[in-house]
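This report concerns only the one structure given below.
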Amino acid sequence: PQGKMLVFGESEQVMHDVELNQLRKRIADLEKVSATDYLTGAWNRAHLVRVVSSEMARSIRFRQPLSALLIDIDHFKDVNDTFGHQAGDTVLREVVALIQQKIRSADLLFRWGGEEFVVLAVSTGYRDAETLAEHLRARVTGHRFTGVGPLTVSIGVAERTGDETADAWFKRLDAALFTAKNDGRNRIVVDSLGDSDKWVAEGGLAALRLVWRDSYACGESSIDTEHEEMFELANKLI
């Protein structure tokens, strides 16, 4: 009888662990849903607000530049007015797909609002961010959107510099986009400031590092812990 009680206790513990892991996964899934734009699948603006400060801190700590691209679909109102909001929604989803196919897995794509999107490009100075922006602009320009046809985008680019706040950084980013749209659209404007120039002048950028993000978590604590350890081992190897 005593042995049976022990087995019963172990079975209860196993069931408890399974239920706990399911709960953790459910919480992780809910957190991801709350951070995701329901229409496009990109991260939402609220999630950008949550992660931008940590990305800025990592940039300074590891002496790696951090740039942002603010992307606006040109004449998007005309799309909705001419083809309807359903066609406009399809355009938004296709733009997100085009961007996600081109950016690196380490970069983050957010829906800023309406027809505007933000890409946080980690370990990327404003010069390389400009190159990325041009690839994205050309990719959109060469695409024929379902039921609509060709469209273009305007892009502002800015690298975070010094100890400026996120608000100050994004004001420069917004000003760059405004100039791009004001100068005729379908173009890129870069704010040529950033820590990357200073760090190069001081002796070069630090080595690249793999950065673990909460969004990589699967919700199973043992697996996530192993993955985080793999990141640290890889960084030591680098």
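The values are calculated or read from the model by the stated rules, or taken from the named source; none is laboratory data. Bear in mind that the values here come from a model prediction, so they are computed numbers and not experimental data. Keep in mind that these areas ignore ligands, DNA and RNA; they rest on the heavy atoms of the full protein, side chains included. Shrake-Rupley method; radii C 1.70, N 1.55, O 1.52, S 1.80 Å.
Points to keep in mind about this one:
- Ranking by accessible area, most exposed first, for Ile60, Ile188 with a 1.4 Å probe: Ile60, Ile188
- Whether segment 54-118 is rounded, prolate or oblate, judged on the alpha carbon gyration tensor where a/c under 1.5 counts as rounded: prolate
- Of the solvent-accessible surface of segment 59-200, computed with a 1.4 Å probe over protein heavy atoms with every protein chain present, carbon and sulfur atoms account for 49 percent.
- The separation of segment 148-171 from segment 64-87, counted between C-alpha centres, amounts to 13 Å.
- Derived scalar couplings between HN and Hα for segment 65-72 equal x, 9, 10, 10, 10, 10, 10, 10 Hz in order, rounded to whole Hz, by the Karplus curve 6.51 cos²θ - 1.76 cosθ + 1.60 (θ = phi - 60°), x for Gly and Pro.
- Accessible area per residue (1.4 Å probe, heavy atoms of protein chains only) ranks Glu115, Glu130, Glu55 as Glu130, Glu115, Glu55, with the largest value leading.
- Heavy-atom accessible surface of segment 85-124, averaged per residue, reaches 39 Å², computed with a 1.4 Å probe.
- Average Cα contact separation per residue, segment 57-210, under 8 Å, 6 or more apart, as relative contact order %: 30 percent
- J(HN,Hα) series, segment 193-200, from Karplus relation 6.51 cos²θ - 1.76 cosθ + 1.60, nearest Hz, glycine and proline x: 10, x, 6, 4, 4, 5, 5, 5
- Shown are Ser123, Ser192, whose ranking by accessible area with a 1.4 Å probe and every protein chain present, most to least, is Ser192, Ser123.
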